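Each remark here refers to the structure printed beneath this line.
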Amino acid sequence: MIESFYPPQRTLMGPGPSDVSPRVLAAMARPTIGHLDPEFIRMMDELKQLLQYALKTKNALTMPVSAPGSAGMEACFVNLVEPGDKVIVCQNGVFGGRMAENVRRFGGEVILVEDDWGQPVSLAKVEAAFNANANVKALAFVHAETSTGVRSDAQALARLAQANGALSIVDAVTSLGGIELDMDGWGIDALYSGTQKCLSAPPGISPVSFSERAVAAVKARTTPVPSWFLDTNLVMGYWGAGVKRAYHHTAPVNALYALHESLVVLQQEGLEQAWSRHEQHHQALKQGLEAMGLALLVDPEYRLPQLNAVVIPEGIDEARVRARLLEQYSLEIGAGLGALAGRVWRIGLMGHACNGKNVLLCLAALEGALIAEGVELQRGAAVAAASAVLAA
Ligand SMILES: *Cc1c(COP(=O)(O)O)cnc(C)c1O
(Lines give C-alpha, C1' and ligand atoms only; values in the text may rest on other atoms or scores of the structure.)
Protein backbone atom coordinates (compact mmCIF):
# COMPACT_ATOMS: atom_id res chain seq x y z
CA MET A 1 0.00 0.00 0.00
CA ILE A 2 1.26 3.44 -0.89
CA GLU A 3 0.81 5.82 2.03
CA SER A 4 -0.25 9.49 2.03
CA PHE A 5 2.45 11.91 0.99
CA TYR A 6 3.71 14.31 3.65
CA PRO A 7 6.36 16.68 2.29
CA PRO A 8 9.11 17.80 4.66
CA GLN A 9 8.88 21.33 6.08
CA ARG A 10 11.46 23.33 4.12
CA THR A 11 12.60 26.92 3.99
CA LEU A 12 12.53 27.85 0.31
CA MET A 13 15.23 30.37 -0.59
CA GLY A 14 15.89 29.36 -4.17
CA PRO A 15 14.64 30.85 -7.45
CA GLY A 16 11.06 29.72 -6.76
CA PRO A 17 8.80 28.32 -5.56
CA SER A 18 9.12 30.46 -2.44
CA ASP A 19 7.61 29.68 0.96
CA VAL A 20 3.83 29.81 0.90
CA SER A 21 2.38 31.50 3.96
CA PRO A 22 0.05 29.56 6.28
CA ARG A 23 -2.70 32.05 5.37
CA VAL A 24 -2.41 31.17 1.68
CA LEU A 25 -2.18 27.43 2.33
CA ALA A 26 -5.29 27.65 4.51
CA ALA A 27 -7.16 29.51 1.76
CA MET A 28 -6.33 26.68 -0.62
CA ALA A 29 -7.93 24.13 1.70
CA ARG A 30 -11.35 25.86 1.64
CA PRO A 31 -14.27 24.00 0.01
CA THR A 32 -14.14 23.56 -3.73
CA ILE A 33 -17.16 25.14 -5.41
CA GLY A 34 -18.27 25.21 -9.03
CA HIS A 35 -16.25 27.35 -11.44
CA LEU A 36 -19.50 29.03 -12.55
CA ASP A 37 -20.97 29.39 -9.04
CA PRO A 38 -22.05 33.03 -8.52
CA GLU A 39 -19.84 33.21 -5.41
CA PHE A 40 -16.87 31.94 -7.40
CA ILE A 41 -17.52 34.54 -10.10
CA ARG A 42 -17.58 37.22 -7.41
CA MET A 43 -14.18 35.96 -6.22
CA MET A 44 -12.91 36.05 -9.84
CA ASP A 45 -13.92 39.69 -10.17
CA GLU A 46 -12.05 40.53 -6.97
CA LEU A 47 -9.05 38.57 -8.22
CA LYS A 48 -8.95 40.68 -11.37
CA GLN A 49 -9.09 43.87 -9.32
CA LEU A 50 -6.30 42.60 -7.08
CA LEU A 51 -4.14 41.75 -10.10
CA GLN A 52 -4.78 45.20 -11.56
CA TYR A 53 -3.64 46.67 -8.25
CA ALA A 54 -0.48 44.54 -8.15
CA LEU A 55 0.45 45.28 -11.77
CA LYS A 56 -0.62 48.95 -11.56
CA THR A 57 -2.89 48.68 -14.57
CA LYS A 58 -6.46 49.41 -15.60
CA ASN A 59 -6.31 46.86 -18.43
CA ALA A 60 -9.64 45.05 -18.82
CA LEU A 61 -7.76 42.05 -20.20
CA THR A 62 -6.08 41.11 -16.93
CA MET A 63 -6.51 37.54 -15.77
CA PRO A 64 -4.71 34.50 -14.42
CA VAL A 65 -3.85 31.85 -17.02
CA SER A 66 -4.58 28.39 -15.57
CA ALA A 67 -1.01 27.15 -15.96
CA PRO A 68 2.51 28.19 -14.85
CA GLY A 69 4.56 31.21 -15.92
CA SER A 70 5.77 29.45 -19.05
CA ALA A 71 2.15 29.25 -20.23
CA GLY A 72 1.69 32.97 -19.54
CA MET A 73 4.75 33.56 -21.73
CA GLU A 74 3.23 31.39 -24.43
CA ALA A 75 -0.15 33.18 -24.10
CA CYS A 76 1.56 36.50 -24.92
CA PHE A 77 3.45 35.22 -27.95
CA VAL A 78 0.77 32.95 -29.41
CA ASN A 79 -1.74 35.81 -29.41
CA LEU A 80 0.55 38.61 -30.55
CA VAL A 81 2.92 36.96 -33.05
CA GLU A 82 1.74 36.05 -36.53
CA PRO A 83 3.81 34.29 -39.20
CA GLY A 84 6.30 36.76 -40.65
CA ASP A 85 6.15 39.23 -37.73
CA LYS A 86 9.50 40.69 -36.70
CA VAL A 87 10.13 40.60 -32.96
CA ILE A 88 13.20 41.97 -31.18
CA VAL A 89 13.97 39.55 -28.35
CA CYS A 90 16.47 40.50 -25.67
CA GLN A 91 18.49 37.65 -24.23
CA ASN A 92 20.67 38.08 -21.14
CA GLY A 93 19.85 34.79 -19.42
CA VAL A 94 17.71 31.68 -19.66
CA PHE A 95 14.28 33.21 -20.05
CA GLY A 96 15.01 35.51 -23.00
CA GLY A 97 16.07 32.39 -24.90
CA ARG A 98 12.69 30.84 -24.25
CA MET A 99 10.95 33.97 -25.54
CA ALA A 100 12.92 33.70 -28.78
CA GLU A 101 11.91 30.05 -29.12
CA ASN A 102 8.25 31.04 -28.70
CA VAL A 103 8.51 33.62 -31.50
CA ARG A 104 10.14 31.08 -33.84
CA ARG A 105 7.54 28.42 -33.14
CA PHE A 106 4.71 30.81 -34.02
CA GLY A 107 6.36 31.68 -37.32
CA GLY A 108 7.83 35.04 -36.30
CA GLU A 109 11.24 36.36 -37.25
CA VAL A 110 13.54 36.79 -34.23
CA ILE A 111 15.90 39.76 -34.11
CA LEU A 112 18.08 38.70 -31.19
CA VAL A 113 19.75 41.31 -28.97
CA GLU A 114 22.23 39.54 -26.72
CA ASP A 115 23.91 40.67 -23.54
CA ASP A 116 26.23 38.76 -21.25
CA TRP A 117 24.75 36.77 -18.39
CA GLY A 118 24.93 39.06 -15.36
CA GLN A 119 24.41 42.22 -17.44
CA PRO A 120 21.13 44.08 -18.04
CA VAL A 121 19.61 44.48 -21.52
CA SER A 122 21.55 47.22 -23.35
CA LEU A 123 19.26 50.08 -24.40
CA ALA A 124 21.79 51.13 -27.04
CA LYS A 125 21.73 47.67 -28.65
CA VAL A 126 17.92 47.63 -28.68
CA GLU A 127 17.85 51.09 -30.23
CA ALA A 128 20.34 49.94 -32.90
CA ALA A 129 18.14 46.91 -33.61
CA PHE A 130 15.12 49.18 -34.14
CA ASN A 131 17.18 51.43 -36.42
CA ALA A 132 18.39 48.48 -38.48
CA ASN A 133 14.96 46.87 -38.91
CA ALA A 134 11.75 48.43 -40.23
CA ASN A 135 8.25 47.30 -39.17
CA VAL A 136 9.15 45.58 -35.93
CA LYS A 137 5.94 44.26 -34.38
CA ALA A 138 7.14 43.82 -30.80
CA LEU A 139 10.03 44.12 -28.35
CA ALA A 140 10.27 41.31 -25.81
CA PHE A 141 12.43 41.28 -22.70
CA VAL A 142 12.69 39.94 -19.16
CA HIS A 143 12.30 42.52 -16.38
CA ALA A 144 13.92 40.42 -13.63
CA GLU A 145 16.22 37.66 -14.94
CA THR A 146 15.94 34.91 -12.35
CA SER A 147 18.83 32.99 -13.90
CA THR A 148 21.31 35.80 -13.18
CA GLY A 149 19.75 38.18 -10.61
CA VAL A 150 19.67 41.14 -13.01
CA ARG A 151 17.03 43.86 -13.36
CA SER A 152 16.67 45.48 -16.77
CA ASP A 153 15.20 48.96 -17.23
CA ALA A 154 11.64 47.99 -18.15
CA GLN A 155 10.44 51.59 -18.22
CA ALA A 156 13.08 52.73 -20.72
CA LEU A 157 12.69 49.59 -22.86
CA ALA A 158 8.89 49.93 -23.02
CA ARG A 159 9.34 53.58 -24.00
CA LEU A 160 11.77 52.58 -26.78
CA ALA A 161 9.21 50.11 -28.12
CA GLN A 162 6.49 52.76 -28.07
CA ALA A 163 8.72 55.33 -29.79
CA ASN A 164 9.30 52.81 -32.57
CA GLY A 165 5.63 51.87 -32.97
CA ALA A 166 6.18 48.39 -31.53
CA LEU A 167 4.40 46.53 -28.75
CA SER A 168 6.32 45.64 -25.59
CA ILE A 169 6.07 42.10 -24.20
CA VAL A 170 7.48 41.82 -20.68
CA ASP A 171 8.37 38.84 -18.49
CA ALA A 172 7.47 40.00 -14.96
CA VAL A 173 7.48 36.54 -13.36
CA THR A 174 10.09 37.36 -10.72
CA SER A 175 9.65 41.15 -10.59
CA LEU A 176 5.98 41.24 -9.53
CA GLY A 177 5.76 41.99 -5.82
CA GLY A 178 9.53 42.21 -5.33
CA ILE A 179 10.62 45.38 -7.15
CA GLU A 180 8.83 48.36 -8.68
CA LEU A 181 6.60 47.44 -11.61
CA ASP A 182 4.17 49.94 -13.17
CA MET A 183 2.47 48.45 -16.21
CA ASP A 184 0.39 51.48 -17.24
CA GLY A 185 2.83 54.14 -16.04
CA TRP A 186 5.61 52.56 -18.08
CA GLY A 187 3.40 51.85 -21.11
CA ILE A 188 3.87 48.07 -21.17
CA ASP A 189 1.55 46.34 -23.66
CA ALA A 190 1.66 42.68 -22.68
CA LEU A 191 2.94 41.18 -19.48
CA TYR A 192 2.97 37.77 -17.85
CA SER A 193 3.94 36.80 -14.33
CA GLY A 194 3.90 33.87 -11.93
CA THR A 195 2.49 33.04 -8.55
CA GLN A 196 5.40 31.16 -6.96
CA LYS A 197 8.04 33.88 -6.85
CA CYS A 198 7.38 37.13 -4.92
CA LEU A 199 3.61 36.54 -4.59
CA SER A 200 4.37 33.40 -2.54
CA ALA A 201 1.36 31.46 -3.78
CA PRO A 202 1.75 27.86 -4.96
CA PRO A 203 3.07 27.40 -8.51
CA GLY A 204 0.77 26.73 -11.43
CA ILE A 205 -0.95 30.03 -12.30
CA SER A 206 0.25 32.88 -14.50
CA PRO A 207 -1.23 36.39 -14.26
CA VAL A 208 -1.36 38.00 -17.70
CA SER A 209 -2.39 41.50 -18.80
CA PHE A 210 -2.82 43.08 -22.26
CA SER A 211 -3.13 46.81 -22.98
CA GLU A 212 -5.76 48.13 -25.39
CA ARG A 213 -3.05 48.32 -28.05
CA ALA A 214 -2.23 44.65 -27.50
CA VAL A 215 -5.90 43.68 -27.61
CA ALA A 216 -6.26 45.64 -30.88
CA ALA A 217 -3.26 43.75 -32.29
CA VAL A 218 -4.92 40.43 -31.46
CA LYS A 219 -8.17 41.60 -33.08
CA ALA A 220 -6.26 42.72 -36.19
CA ARG A 221 -4.74 39.28 -36.81
CA THR A 222 -5.30 37.86 -40.27
CA THR A 223 -4.69 34.29 -39.06
CA PRO A 224 -6.44 32.55 -36.15
CA VAL A 225 -4.52 32.22 -32.87
CA PRO A 226 -2.89 28.79 -33.27
CA SER A 227 -3.63 27.71 -29.66
CA TRP A 228 -7.21 27.00 -28.67
CA PHE A 229 -6.55 27.01 -24.91
CA LEU A 230 -4.56 30.25 -24.83
CA ASP A 231 -6.59 32.26 -27.38
CA THR A 232 -7.55 35.40 -25.41
CA ASN A 233 -10.68 35.88 -27.56
CA LEU A 234 -12.01 32.58 -26.19
CA VAL A 235 -10.66 32.76 -22.61
CA MET A 236 -12.26 36.17 -22.10
CA GLY A 237 -15.67 34.53 -22.59
CA TYR A 238 -14.98 33.17 -19.10
CA TRP A 239 -12.84 35.92 -17.55
CA GLY A 240 -14.17 39.02 -19.38
CA ALA A 241 -16.16 41.79 -17.72
CA GLY A 242 -19.82 42.24 -18.59
CA VAL A 243 -20.07 38.93 -20.42
CA LYS A 244 -22.25 36.07 -19.29
CA ARG A 245 -19.50 33.80 -18.00
CA ALA A 246 -19.38 30.74 -20.22
CA TYR A 247 -17.51 27.50 -19.76
CA HIS A 248 -14.08 27.61 -21.36
CA HIS A 249 -12.11 25.25 -19.12
CA THR A 250 -12.57 24.25 -15.49
CA ALA A 251 -10.67 26.91 -13.56
CA PRO A 252 -8.22 25.59 -10.92
CA VAL A 253 -10.67 26.66 -8.22
CA ASN A 254 -8.58 26.14 -5.06
CA ALA A 255 -5.36 27.41 -6.64
CA LEU A 256 -7.24 30.63 -7.44
CA TYR A 257 -8.33 30.94 -3.79
CA ALA A 258 -4.63 30.82 -2.94
CA LEU A 259 -3.74 33.49 -5.49
CA HIS A 260 -6.60 35.68 -4.23
CA GLU A 261 -5.34 35.36 -0.65
CA SER A 262 -1.71 36.06 -1.60
CA LEU A 263 -2.84 39.25 -3.36
CA VAL A 264 -4.95 40.28 -0.36
CA VAL A 265 -1.80 39.83 1.75
CA LEU A 266 0.15 41.99 -0.73
CA GLN A 267 -2.53 44.68 -0.74
CA GLN A 268 -2.64 44.74 3.07
CA GLU A 269 1.11 45.21 3.23
CA GLY A 270 1.09 47.71 0.34
CA LEU A 271 3.11 47.46 -2.88
CA GLU A 272 5.73 50.04 -1.92
CA GLN A 273 6.19 48.47 1.50
CA ALA A 274 6.68 45.05 -0.11
CA TRP A 275 9.33 46.47 -2.45
CA SER A 276 11.20 48.15 0.41
CA ARG A 277 11.02 44.99 2.55
CA HIS A 278 12.75 43.08 -0.26
CA GLU A 279 15.42 45.78 -0.53
CA GLN A 280 16.07 45.92 3.21
CA HIS A 281 16.45 42.16 3.62
CA HIS A 282 18.63 41.99 0.53
CA GLN A 283 20.95 44.54 2.17
CA ALA A 284 21.12 42.42 5.32
CA LEU A 285 21.88 39.26 3.32
CA LYS A 286 24.49 41.08 1.26
CA GLN A 287 26.31 42.42 4.32
CA GLY A 288 26.32 38.94 5.81
CA LEU A 289 27.61 37.29 2.65
CA GLU A 290 30.36 39.87 2.30
CA ALA A 291 31.34 39.41 5.96
CA MET A 292 31.84 35.74 5.05
CA GLY A 293 34.06 36.72 2.14
CA LEU A 294 31.45 35.89 -0.51
CA ALA A 295 30.75 38.21 -3.44
CA LEU A 296 27.59 38.89 -5.42
CA LEU A 297 27.83 38.46 -9.20
CA VAL A 298 25.75 41.45 -10.24
CA ASP A 299 26.62 45.15 -10.07
CA PRO A 300 24.56 46.93 -7.35
CA GLU A 301 23.09 49.32 -9.93
CA TYR A 302 21.00 46.57 -11.55
CA ARG A 303 21.01 43.87 -8.87
CA LEU A 304 17.72 42.23 -7.90
CA PRO A 305 16.98 42.18 -4.17
CA GLN A 306 14.83 39.06 -4.50
CA LEU A 307 17.40 36.92 -6.35
CA ASN A 308 20.99 36.99 -5.17
CA ALA A 309 23.58 35.33 -7.42
CA VAL A 310 26.49 34.48 -5.10
CA VAL A 311 29.87 33.68 -6.66
CA ILE A 312 31.05 30.24 -5.54
CA PRO A 313 34.59 30.34 -4.10
CA GLU A 314 37.32 28.32 -5.83
CA GLY A 315 37.61 24.67 -4.90
CA ILE A 316 34.18 24.32 -3.31
CA ASP A 317 31.95 21.38 -4.16
CA GLU A 318 28.88 23.56 -4.70
CA ALA A 319 26.39 20.67 -4.99
CA ARG A 320 27.62 19.23 -1.68
CA VAL A 321 27.06 22.60 0.01
CA ARG A 322 23.48 22.74 -1.27
CA ALA A 323 22.86 19.13 -0.24
CA ARG A 324 24.17 19.92 3.25
CA LEU A 325 21.87 22.93 3.56
CA LEU A 326 18.91 20.78 2.57
CA GLU A 327 19.77 17.84 4.83
CA GLN A 328 20.95 19.65 7.93
CA TYR A 329 18.92 22.84 7.83
CA SER A 330 16.00 21.87 5.54
CA LEU A 331 16.96 24.96 3.56
CA GLU A 332 16.75 25.12 -0.22
CA ILE A 333 18.89 27.50 -2.27
CA GLY A 334 19.26 27.36 -6.05
CA ALA A 335 22.07 26.18 -8.29
CA GLY A 336 23.39 28.20 -11.22
CA LEU A 337 21.59 27.77 -14.52
CA GLY A 338 22.92 27.64 -18.09
CA ALA A 339 26.07 29.72 -18.51
CA LEU A 340 26.26 30.20 -14.73
CA ALA A 341 25.94 26.50 -13.77
CA GLY A 342 28.63 25.71 -11.20
CA ARG A 343 29.62 29.39 -10.93
CA VAL A 344 26.90 30.80 -8.66
CA TRP A 345 24.36 29.88 -6.04
CA ARG A 346 21.03 31.63 -6.36
CA ILE A 347 19.58 32.75 -3.03
CA GLY A 348 16.01 33.92 -3.26
CA LEU A 349 14.40 36.38 -0.88
CA MET A 350 10.93 36.22 -2.32
CA GLY A 351 7.62 37.26 -0.84
CA HIS A 352 6.76 35.45 2.38
CA ALA A 353 10.29 33.97 2.51
CA CYS A 354 11.83 37.45 2.57
CA ASN A 355 12.19 37.97 6.32
CA GLY A 356 14.89 38.47 8.94
CA LYS A 357 14.67 34.96 10.34
CA ASN A 358 15.42 33.47 6.92
CA VAL A 359 18.32 35.82 6.26
CA LEU A 360 19.96 34.77 9.54
CA LEU A 361 19.20 31.07 9.00
CA CYS A 362 20.67 31.15 5.52
CA LEU A 363 23.86 32.90 6.63
CA ALA A 364 24.38 30.62 9.63
CA ALA A 365 23.71 27.51 7.55
CA LEU A 366 25.98 28.61 4.72
CA GLU A 367 28.71 29.42 7.22
CA GLY A 368 28.43 25.93 8.68
CA ALA A 369 28.48 24.31 5.25
CA LEU A 370 31.53 26.31 4.12
CA ILE A 371 33.43 25.45 7.31
CA ALA A 372 32.60 21.80 6.63
CA GLU A 373 34.15 22.29 3.18
CA GLY A 374 37.37 23.46 4.83
CA VAL A 375 36.91 27.19 4.26
CA GLU A 376 38.48 29.28 6.99
CA LEU A 377 36.18 32.02 8.18
CA GLN A 378 35.32 33.93 11.28
CA ARG A 379 32.37 32.23 12.93
CA GLY A 380 29.39 34.46 13.60
CA ALA A 381 30.63 37.43 11.55
CA ALA A 382 27.98 37.03 8.86
CA VAL A 383 25.05 36.83 11.26
CA ALA A 384 26.41 39.82 13.20
CA ALA A 385 26.73 41.92 10.04
CA ALA A 386 23.22 41.05 8.87
CA SER A 387 21.74 41.60 12.32
CA ALA A 388 23.15 45.12 12.34
CA VAL A 389 21.25 45.91 9.12
CA LEU A 390 18.05 44.27 10.35
CA ALA A 391 18.16 46.21 13.60
CA ALA A 392 18.67 49.55 11.86
C1 LIG B 1 10.20 31.08 -13.09
C2 LIG B 1 10.27 31.93 -14.30
C3 LIG B 1 9.57 31.65 -15.48
C4 LIG B 1 8.79 30.38 -15.68
O5 LIG B 1 7.76 30.21 -14.80
P6 LIG B 1 7.19 28.72 -14.55
O7 LIG B 1 6.08 28.96 -13.57
O8 LIG B 1 8.34 27.93 -14.02
O9 LIG B 1 6.72 28.20 -15.85
C10 LIG B 1 9.65 32.54 -16.52
N11 LIG B 1 10.40 33.67 -16.44
C12 LIG B 1 11.10 33.96 -15.34
C13 LIG B 1 11.91 35.22 -15.30
C14 LIG B 1 11.07 33.11 -14.24
O15 LIG B 1 11.77 33.40 -13.14
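The values are calculated or read from the model by the stated rules, or taken from the named source; none is laboratory data. Since the structure is predicted, the reported quantities are computational estimates derived from the model, not experimental observations. Neighbour counts run over all protein chains shown; Cβ positions are idealised from the backbone, glycine included. We work out accessible area using only protein heavy atoms, side chains counted, and drop any ligands, DNA or RNA first. Shrake-Rupley method; radii C 1.70, N 1.55, O 1.52, S 1.80 Å.
For the range 130-149, does any single residue satisfy the condition of being within 13 Å of the ligand (Cβ to nearest atom), modelled with pLDDT of 95 or more, under 17 Å from the mean Cα position of the chain (by Cα) and open to solvent by 70 Å² or more (accessible area, probe 1.4 Å)?
Checking the range 130-149: not a single residue is within 13 Å of the ligand (Cβ to nearest atom), modelled with pLDDT of 95 or more, under 17 Å from the mean Cα position of the chain (by Cα) and open to solvent by 70 Å² or more (accessible area, probe 1.4 Å).
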Q.
Anything in the range 187-197 that is within 13 Å of the ligand (Cβ to nearest atom) and open to solvent by 10 Å² or more (accessible area, probe 1.4 Å)? List them, or say none.
A. Gln196, Lys197
Q | Hey, Asp184 surrounded by fewer than 24 Cβ atoms within 10 Å (Cβ to Cβ), at pLDDT 95 or above, of a type outside the set (Gly, Ala, Ser) and closer than 13 Å to Cys90 by Cα or not | A | no
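Yes or no, residue by residue, for (1) surrounded by 20 or more Cβ atoms within 10 Å (Cβ to Cβ); (2) at pLDDT 95 or above; (3) touching a strand residue (DSSP E or B) at 6+ places or on another chain (Cβ under 9 Å):
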| position | (1), (2), (3) |
| --- | --- |
| His282 | yes, yes, yes |
| Glu290 | no, yes, yes |
| Leu294 | yes, yes, yes |
| Ala309 | yes, yes, yes |
| Glu314 | no, no, no |
| Ser330 | no, yes, yes |
| Gly336 | yes, yes, yes |
Q: Might you let me know whether the range 98-112 holds any residue that is buried (at least 24 other Cβ atoms within 10 Å of the Cβ), assigned by TED's automatic domain parsing to the domain that holds Ala172, more than 11 Å from the ligand (Cβ to nearest atom) and farther than 15 Å from Val173 by Cβ?
A: yes
(Q) Just to be sure I understand the filter: pairs with C-beta atoms under 8 Å, separated by 6 or more residues or on different chains, first member in the range 169-196 and assigned to a loop (DSSP other than H, G, I, E, B), second member near the ligand (Cβ under 10 Å from one of its atoms) and among the basic types (Lys, Arg). Which pairs pass? (A) Val173/Lys197; Thr174/Lys197; Leu176/Lys197; Gly177/Lys197; Gly178/Lys197
Q. Among the residues of the range 64-97, which ones are open to solvent by 10 Å² or more (accessible area, probe 1.4 Å), away from the ligand (no atom under 16 Å from the Cβ) and out of contact with any Gly (no Cβ under 6 Å at 6 or more places or on another chain)?
A. Glu82, Gly84, Lys86
